[in-house]
Amino acid sequence: MSEKESSGEPCPPDKIVFDPQLGVRICRETGEVLEEQIIGDEAEWRAYTPEEKHRRTRVGDPISYARPHMGIDAYIGTIKESGGKKAKGLGKRIEALRIQRGFRMGRALGSLEKSINQAIQLIDEIAAKLELPSNVKEEAAKYYREAASKGLTRGRSIESMVAAVLYAACRSHQVPCTLEEIAKFLKMRDFEAKREVARNYRLLIRDLDIKIPVIEPEMFVYRIAGELNLPEPVVVEAIKVIREARKRGLTAGKDPSGLAAATVYLAALKQGYRKTQKEVASVAGVTEVTIRNRYKEIAKALNIENV
């Protein structure tokens, strides 16, 4: 027995080693077993590149609502005989391939999961075009799965439900994106199609009990001004007008994107930047009538003239 072991002094941390084969921690100086029956959490294989590590790992990616089967998948590997040897013979190999193909097709062709996969693919495409953050895409996929499980998607088009869940997700995370913008990328240009999306949105809010925070008009100002290439003074002026209008009670019950568009239009005129109502409406995703009405209300209430 060493002097350190007999004195009862603790072993220095840099002298402690772990033996994965025996599941013990040992002091290199004294040979004392400090801890035993340890379950090792490290891999017993080696990987030298990220691709090799991904291929050899036995766990998958985190669960995600925005992936087919929520990111959980299974794979049937090589069919082996009872002794563990690889199956030989053409007939057995054909049978193995048939089983693997049947398993993959059986997982993909469930009617509910098939419609969900189509919707998720569409959500991914629209989110990429609108440059929406990943948490919005994940939330939209979650809403669609919940709606499908409750039977809310039955009898409704996938496109209109995708537009509704994307809009609900944007509102939930206070991302300034209008229903018009989403419908535009889904090629829903007729009035009835847009009304269907609005109905689906209200249905989701009610039946899924989604809590939607109020989006302030200021959040839309930066995006609208940016797309119109307007400078910072216009943004500052528009936000100033919105806050003054809020004090007068002019913003209550009004669409935030319409208010933002009207104030950006008004601020641009005050700063000497001539933008038409049509240009602003196209960027903001609202109608020219909305901009004109909000603009007149604000200009009259705040006594803004000569713009």
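Determine the alpha carbon to alpha carbon distance for each of Lys114/Lys150; Lys129/Lys278; Lys270/Lys300; Lys137/Lys254 and list only those over 20 Å. Long pairs (Cα-Cα over 20 Å): Lys129/Lys278; Lys137/Lys254. Basic side chains Lys and Arg get +1 at the Cβ, acidic Asp and Glu get -1 at the Cβ, and with that the dipole of the stretch 218-301 about its Cα centre reaches some 340 debye.
Highest-first packing order for the peptide set 160-171, 287-298 is 160-171, 287-298, based on the mean count of other beta carbon atoms within 10 Å.
Length gain on complete extension for the stretch Phe18 to Gln271, per 0.36 nm per residue less the alpha carbon to alpha carbon distance? Write out the running numbers ahead of the final one.
Details: separation 253, 0.36 × 253 = 91.08 nm, distance 7.07 nm.
Computed gain between Phe18 and Gln271 is 84.0 nm.
Given their separation in residues at 0.36 nm each and the Cα-Cα distance between them, Arg98 and Glu29 gain 19.0 nm when the chain is fully extended.
Values in this text are rule-based calculations from the coordinates and carry no lab data. Treat the numbers as computed from the prediction; the structure is a model and nothing was measured. Methodologically, a virtual Cβ is constructed for each residue, glycine included, from the backbone with ideal geometry; neighbour enumeration extends over all protein chains shown.
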